[in-house]
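Throughout, read-outs are computed from the coordinates displayed, never taken from laboratory work. Here the structure is a predicted model, which is why all the values come from computation and not from measurement. Note that we place each Cβ from the backbone using ideal geometry, even for glycine, and neighbour counts take in every protein chain shown.
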Amino acid sequence: MGVQQLLIIGLALFMGLGAIILILVGTRGSATERVEARLAEYGSRAQPVTLEELELAQPFSQRIVRPMVSAIAKFIARFTPQQSLEATRHKLELAGRPNNWGPAEFWGVRALAGVLMALLVFLLLSTSRQPLRQSLLYSGLMGALGFYLPVAWLGSKIRKRQDEIIKALPDALDLLTICVEAGLGFDAAMSKVTEKWDNELSRAFGRAIQEIRLGKLRREALRSMADSVGVTDLSSFVAAVIQADQLGVSIAKVLRIQSEQMRIKRRQRAEELARKAPVKMMIPLILLIFPSIYIILLGPAILLVMETGVLGSIF
């Protein structure tokens, strides 16, 4: 592979990654927030606007990207096995439903990213007059990479959400314990958590509270919350609360024990990360810092030896 081909593929990769990031990030905020923002913008205008102006006021991702993804999703959903769609739906639930995507829409995003990467590489290689066989080969490889990148992005979203929930869980349990011991019910204590904080755990609690208010049993709503998060600590907490509710045990006592256990686990995780730090530091030390030290310390000595001509007489 020549230098020109590497530069072309690198340029296509850079452009394709930028387009994929634009597709994956989408629009910030929920659908309700976007509707409220559009209504506020409409109310602030002095003169009435046309439908075309309202459509053009939407961001690029809403006007172009989302309709394109929806059209591809409808086409792909016909040929995708139901088992794959269910697995994708579960992963999207674990990631917190980014951009409010369904499984078919996510497969559409994957297909669009793969086709986009392959087309960019093929067009750039064609303009540089590369052989057709090499252009098709590199386009296929870049298309496979673009098809895989949304999966990697979704995995990073899942890990980030789970880490955030693990870090916030001990403090949330402390607040739950305080509220329940002060006389509030368990549902009201969960509502207090959603009011005080705005993170992934509080949003999961808020979703469970909404399901309970709509008539779902508390244990089913809590189990659904644990399944949509996939964190072992939260699952054990939900199991303890459900068991205490069924056996008639004091919820305050169970919450107190759970909060103490979560604080112990958080301290153990911090100690584990502290013990891993020296091992992780060995790689940059050996590859980056030690060679620099050797160059600084031994470089002048080697130059002096070379000037004396000792090395030439030896060899």
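So the values come out like this:
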{"quantity": "Table column - 3J(HN,Hα) (Hz), segment 223-237, Karplus curve with 6.51, -1.76, 1.60, x for Gly and Pro", "calculated": "5, 5, 5, 5, 5, 7, 9, x, 9, 5, 4, 5, 5, 5, 5"}
{"quantity": "Residues listed by number, segment 163-188, amide nitrogen under 13 Å from R263 label point at 7 Å toward C-beta", "calculated": "170-178"}
{"quantity": "Rg to Rh quotient for segment 164-266, alpha carbon positions, Kirkwood Rh", "calculated": "0.91"}
{"quantity": "Under 20 Å between alpha carbons - lysine pairs in segment 95-251 that sit 8 or more apart or on different chains", "calculated": "4"}
{"quantity": "By average C-beta atoms within 10 angstrom, highest first, the peptides 206-217, 285-296", "calculated": "206-217, 285-296"}
{"quantity": "Euclidean distance between Cα centres, segment 101-162 to segment 241-273, Å", "calculated": "44"}
{"quantity": "Two-site FRET efficiency, R97 against S236, from Cβ-Cβ distance with R₀ of 25 Å, rounded to 0.05", "calculated": "0.55"}
{"quantity": "Using alpha carbons only: equivalent-ellipsoid semi-axes of segment 245-315, gyration tensor based, whole Å", "calculated": "64, 8, 6"}
{"quantity": "Peptides ranked, highest mean first, by Cβ atoms within 10 Å: ranges 242-251, 182-191, 298-307, 229-238", "calculated": "229-238, 182-191, 242-251, 298-307"}
{"quantity": "Segment 130-196: radius of gyration and largest Cα-Cα distance (Dmax), Å", "calculated": "23.9, 76"}
